[in-house]
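Beneath this line is the structure, given in structure tokens, with notes to follow.
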Amino acid sequence: MDRPWLATAADAAYYTGRPIGTIWRWASEGRITVHGQGKAARYDLRGLPRKTVDDWTGEVTLGDPPPLPAGARAA
């Protein structure tokens, strides 16, 4: 099994181009894998949508959000 690529919430937010609160919400909804809890929590980057930045214009494009787990309903 592949080892997870673990990052803090701040690093995960930078990687995705989204606010830290979005990372926390995705974790609470079960969309992404979290290891640990509280300040020691780490998020698996392999399950996160990576932002892309155009080298010429600097335009940032966000990836699609991770899907909700089966059986979950959006609020």
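The values are calculated or read from the model by the stated rules, or taken from the named source; none is laboratory data. Quick caveat, the model's predicted, so the values are computed rather than measured. Here the Cβ is made from the backbone with ideal geometry for all residues, glycine too, and neighbour counts use every protein chain on show. Keep in mind that these areas ignore ligands, DNA and RNA; they rest on the heavy atoms of the full protein, side chains included. Shrake-Rupley method; radii C 1.70, N 1.55, O 1.52, S 1.80 Å.
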Q. So which residues in the stretch 8-34 are free of Cβ contacts under 8 Å to residues at least 40 places away in the same chain, open to solvent by less than 70 Å² (accessible area, probe 1.4 Å) and not polar (S, T, N, Q), if there are any at all?
A. Ala9, Ala10, Ala12, Ala13, Tyr15, Ile20, Gly21, Ile23, Ala27, Arg31, Ile32, Val34
Q) Filtering the stretch 35-70 down to residues that are assigned to a helix (DSSP H, G or I) and aliphatic (A, V, I, L, M), which residue is least open to solvent (accessible area, probe 1.4 Å)? A) Leu45
Q: Among the residues of the stretch 21-34, write down those that are assigned to a helix (DSSP H, G or I) and within 18 Å of Trp5 (Cβ to Cβ).
A: Ile23, Trp26, Ala27
